[in-house]
1. Cβ contacts < 8 Å: first residue surrounded by fewer than 13 Cβ atoms within 10 Å (Cβ to Cβ), restricted to the range 84-95; second residue basic (Lys, Arg) and modelled with pLDDT of 90 or more, any location; separation 6+ or different chain. Result?
2. Which of the residues belonging to the range 131-148 are of a type in the set (Asp, Glu), under 27 Å from Cys60 (Cα atoms) and in a helix (DSSP H, G or I)?
3. Only one of Glu34, Glu86, Glu13, Glu102 is modelled with pLDDT under 95, acidic (Asp, Glu) and either within 21 Å of Leu143 (Cα to Cα) or assigned to a helix (DSSP H, G or I) (or both). Can you tell me which?
4. Is it fair to say Gly52 is exposed (fewer than 12 other Cβ atoms within 10 Å of the Cβ), under 17 Å from the mean Cα position of the chain (by Cα) and under 25 Å from Leu133 (Cβ atoms)?
5. For the range 40-83, give me the residue count where each residue is assigned to a loop (DSSP other than H, G, I, E, B) and under 19 Å from Arg30 (Cβ atoms).
6. Just the residues that are part of a helix (DSSP H, G or I) and either in contact with a strand residue (DSSP E or B) (Cβ under 6 Å, 6 or more places away or on another chain) or among the basic types (Lys, Arg) (or both), please, taken from the range 105-130.
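The values are calculated or read from the model by the stated rules, or taken from the named source; none is laboratory data. Here the structure is a predicted model, which means the values were calculated and not measured. Using ideal geometry, Cβ is built from the backbone for each residue, glycine included, and neighbour counts are taken over all protein chains shown.
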Amino acid sequence: MTDMPPVTADVTELASRLRLGVTRLARKLRQKGEPGVTPALFSALSAIDRGGPMTIGELCTAEQVQPPTMTRMVAALVEAGLVAREPDALDRRVAWVRVTREGVKLLQRSRGRKDAYLAKRMRSLEPDQLTVLEEAAGILERLTEGSS
């Protein structure tokens, strides 16, 4: 038996509060993102950065977007110089997309601004609140694992 405090909040109410807080935080962080790059394009660029060179089909799966939409998004990223699209050496019907040096710089700049904003806000918190956030970060990571 563990010495866990009893759950005092209704789980549905807690879920609602958490959803609202996460949504507001995500909005604030998007505002700190790279001007001129939509959240959808930034998400696709990040997916390519995390997954390494990938096909548009793989990117569609990762981003849960239909192929025509992803084709337009990749075209916009190519036009902006953030990704390169290269034909497969063995199958010319397949194209691989990879993040360019400019794309990496944009990701680093945007992530740096977002991290700096959040770190600045967190510096005003008490040490015990930071401990709670550290635990919450692990819990949020677990909640977002998988595709459910």
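1. Here the result reads Glu86/Arg98, each pair linking the range 84-95 to a residue that is basic (Lys, Arg) and modelled with pLDDT of 90 or more.
2. Taking the range 131-148 and keeping what is of a type in the set (Asp, Glu), we get 134-135, 141, 145.
Imposing the further condition that a residue be under 27 Å from Cys60 (Cα atoms) reduces the set to 141, 145.
Within the range 131-148, just Glu141 meets the criteria.
3. On the way: Glu34 fails: either within 21 Å of Leu143 (Cα to Cα) or assigned to a helix (DSSP H, G or I) (or both); Glu86 fails: either within 21 Å of Leu143 (Cα to Cα) or assigned to a helix (DSSP H, G or I) (or both); Glu102 fails: modelled with pLDDT under 95.
That would be Glu13, the only listed residue that is modelled with pLDDT under 95, acidic (Asp, Glu) and either within 21 Å of Leu143 (Cα to Cα) or assigned to a helix (DSSP H, G or I) (or both).
4. Numbers: exposed (fewer than 12 other Cβ atoms within 10 Å of the Cβ): yes; under 17 Å from the mean Cα position of the chain (by Cα): yes; under 25 Å from Leu133 (Cβ atoms): no.
Criteria not met by Gly52.
5. Going residue by residue through the range 40-83, those that are assigned to a loop (DSSP other than H, G, I, E, B) are 52-53, 64-66, 80-82.
In the following step, the residues that additionally are under 19 Å from Arg30 (Cβ atoms) were identified as 64-65, 80, 82.
Of the residues in the range 40-83, 4 are assigned to a loop (DSSP other than H, G, I, E, B) and under 19 Å from Arg30 (Cβ atoms).
6. Of the range 105-130, the ones part of a helix (DSSP H, G or I) are 105-122, 127-130.
Listed by number, the residues that qualify are Lys105, Arg109, Arg111, Arg113, Lys114, Lys120, Arg121.
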